[in-house]
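One structure is given below, encoded as C-alpha cells.
The values are calculated or read from the model by the stated rules, or taken from the named source; none is laboratory data. Since the structure is predicted, the reported quantities are computational estimates derived from the model, not experimental observations. Here the Cβ is made from the backbone with ideal geometry for all residues, glycine too, and neighbour counts use every protein chain on show.
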C-alpha cells in the first residue's frame, strides 16, 4: 500500500523557464521563511525543508534550498545524474521560493534518504568498503556539460559548463550520505562535492 504524500507546502504556480524547464513556485511570508530557515537541517551551501516527505518514497519530495538559481540547477543536474545510477535520491523539479521582502531563493524537489548522520564507517583512513564503492561509483559519473556553480553569482545565462575531467569526488562524510531504498547514497551535490581538474 502506498503512503499518500501530504506536503506541508505546495506550489502556488508552475511556469516554464527557457533554460531550466518547468519550475514550481512557492510563496512564503518573511516570518514563516525565517522560522523555516532556523529549524531546518542545513549545510554550507543549502538547507533542507522536509515538507512531510517520508524516506524511501519515490513520490514524496522534500525541498532543497540554495541562494541562487545557478547553485540549485547545478546540484539538481548532478543529483539527477547520480540518481539514475542509484547513487542519490531521485529529484523532481526546480523550485523558486518567493519570500516577502527578500530576494527569491531557488532549489529543487528531492526524495528523502534515511539515516543521515548515522552511517558509520568513517575513520582516519576513509570509508569502509561500502563508502569506498559509493565514492568510486560517483567518480565514474560523467557530469561534463552541467552548470559550474563555482561562479554562482554570474546568472544562469552566463554560467559556464563543467569540462570532461570534472568529477564528483569530495565532501563524503556521515552528514552527506544515507540510505535510499536500501542503497547507500550521496545527498550533497553542491560546489564542495566537485573536483575541478
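Among the residues of region 182-197, those identified as surrounded by 15 or more Cβ atoms within 10 Å (Cβ to Cβ) and in contact with a strand residue (DSSP E or B) (Cβ under 9 Å, 6 or more places away or on another chain) are 184, 185, 186, 187, 188, 189, 190, 193, 194.
Just wondering, is there one or more residues in region 22-40 that are assigned to a loop (DSSP other than H, G, I, E, B), free of Cβ contacts under 8 Å to residues at least 40 places away in the same chain and more than 24 Å from residue 150 (Cβ to Cβ)?
Step one: list which residues in region 22-40 are assigned to a loop (DSSP other than H, G, I, E, B), which gives 29, 40.
Those left that are additionally free of Cβ contacts under 8 Å to residues at least 40 places away in the same chain: 40.
Then keep just the ones that are more than 24 Å from residue 150 (Cβ to Cβ); that gives 40.
There is at least one residue in region 22-40 that is assigned to a loop (DSSP other than H, G, I, E, B), free of Cβ contacts under 8 Å to residues at least 40 places away in the same chain and more than 24 Å from residue 150 (Cβ to Cβ).
Restricting attention to region 169-193 and to residues that are farther than 15 Å from residue 112 by Cα and not in a loop (DSSP other than H, G, I, E, B), the residue that is farthest from the chain's Cα centre (by Cα) turns out to be 174.
Right, residue 107: assigned to a helix (DSSP H, G or I), closer than 21 Å to residue 178 by Cα and either touching a helix residue (DSSP H, G or I) at 6+ places or on another chain (Cβ under 9 Å) or at pLDDT 95 or above (or both) or not? No; evaluated as a whole, the condition is false for this residue. The residues on offer are 19, 49, 99, and the sole one that is surrounded by 13 or more Cβ atoms within 10 Å (Cβ to Cβ) and more than 13 Å from the chain's Cα centre (by Cα) is 99.
Answer yes if at least one residue in region 44-67 is out of contact with any strand residue (DSSP E or B) (no Cβ under 8 Å at 6 or more places or on another chain), at pLDDT 95 or above, within 15 Å of residue 180 (Cβ to Cβ) and not in a helix (DSSP H, G or I), and no otherwise.
Within region 44-67, not a single residue is out of contact with any strand residue (DSSP E or B) (no Cβ under 8 Å at 6 or more places or on another chain), at pLDDT 95 or above, within 15 Å of residue 180 (Cβ to Cβ) and not in a helix (DSSP H, G or I).
When region 137-158 is filtered for residues that are assigned to a loop (DSSP other than H, G, I, E, B), touching a helix residue (DSSP H, G or I) at 6+ places or on another chain (Cβ under 7 Å) and over 22 Å from residue 17 (Cβ atoms), only 141 remains. What about residue 40, is it closer than 25 Å to residue 152 by Cα, at pLDDT below 95 and buried (at least 19 other Cβ atoms within 10 Å of the Cβ)? So residue 40 does not fit the description; no. Take residue 62 and decide whether it is crowded, with 21+ Cβ neighbours inside 10 Å and within 22 Å of residue 194 (Cα to Cα). No: the conditions fail for residue 62.
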